[in-house]
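This report concerns only the one structure given below.
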Amino acid sequence: MAAAERQIGRPYVYGGGGATGPTHGGFDCSGLVQYAVYQATGGRLVLPRTSDQQRRAGRRVPVVEMRPGDLIAFDMPTDPAPWGHIGIYAGGGQMIHAPHPGSAVRVEPLTTRYWQSIPWDVRRVV
């Protein structure tokens, strides 16, 4: 969580970021997740690069058992790729994520109608 929180405000960059940090000044959603997990494990765990691949990492956890640091993959209706977005559960019904071009890494509530209307898959990797 701490590594992701330090990136709040950093710009969204399509294809940006990875295990060792931002590229071209920022992160996309899966780059942020890859970085945060790499940092949290002291470099012992490198997740795959895309949100769809990251969705299969670790073990599945029921939504009611989420805890801070769990990954939340979303099957976005507007994205041609399956499971095209991923974030990190921050606790208190919120997530940290890099949402889309023109935005920045931020904390956002998961309780909005939008997030509640699409499928989630929660993964515990650490």
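Residue-wise test of (1) under 14 Å from the mean Cα position of the chain (by Cα); (2) surrounded by fewer than 18 Cβ atoms within 10 Å (Cβ to Cβ).
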residue	(1), (2)
Ala73	yes, no
Trp83	yes, no
Ile86	yes, no
Tyr89	yes, no
Pro99	yes, yes
Thr111	no, yes
Trp115	yes, yes
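Within the range 28-72, the residues that satisfy the criterion of being in contact with a helix residue (DSSP H, G or I) (Cβ under 7 Å, 6 or more places away or on another chain), of a type in the set (A, V, I, L, M, F, W, C) and over 23 Å from Gln116 (Cα atoms) are Ala36, Ala40, Leu45, Val46, Leu47. When every residue of the range 40-47 is checked against the conditions, none turns out to be on the phi < 0 side of the Ramachandran plot, touching a Pro at 6+ places or on another chain (Cβ under 7 Å), surrounded by 22 or more Cβ atoms within 10 Å (Cβ to Cβ) and not basic (Lys, Arg). Evaluate the range 19-30: report whether one residue or more is surrounded by 16 or more Cβ atoms within 10 Å (Cβ to Cβ) and either among the β-branched types (Val, Ile, Thr) or more than 15 Å from Ala4 (Cβ to Cβ) (or both). No, there is no match, as no residue in the range 19-30 is surrounded by 16 or more Cβ atoms within 10 Å (Cβ to Cβ) and either among the β-branched types (Val, Ile, Thr) or more than 15 Å from Ala4 (Cβ to Cβ) (or both). The residues in the range 41-71 that are over 13 Å from the mean Cα position of the chain (by Cα), in a strand (DSSP E or B) and within 23 Å of Pro109 (Cα to Cα) can be counted, and the count is 1. Consider Gly9 carefully, then state whether it is of a type outside the set (S, T, N, Q) and in a loop (DSSP other than H, G, I, E, B). Here the answer is yes, as Gly9 does meet what is asked.
FYI, it's all coordinate maths here, none of it is from the lab. What you see is a predicted model, and the numbers here were worked out from it, not measured in a lab. Glycine gets a Cβ as well: all are built from the backbone with ideal geometry, and neighbour counts include every protein chain shown.
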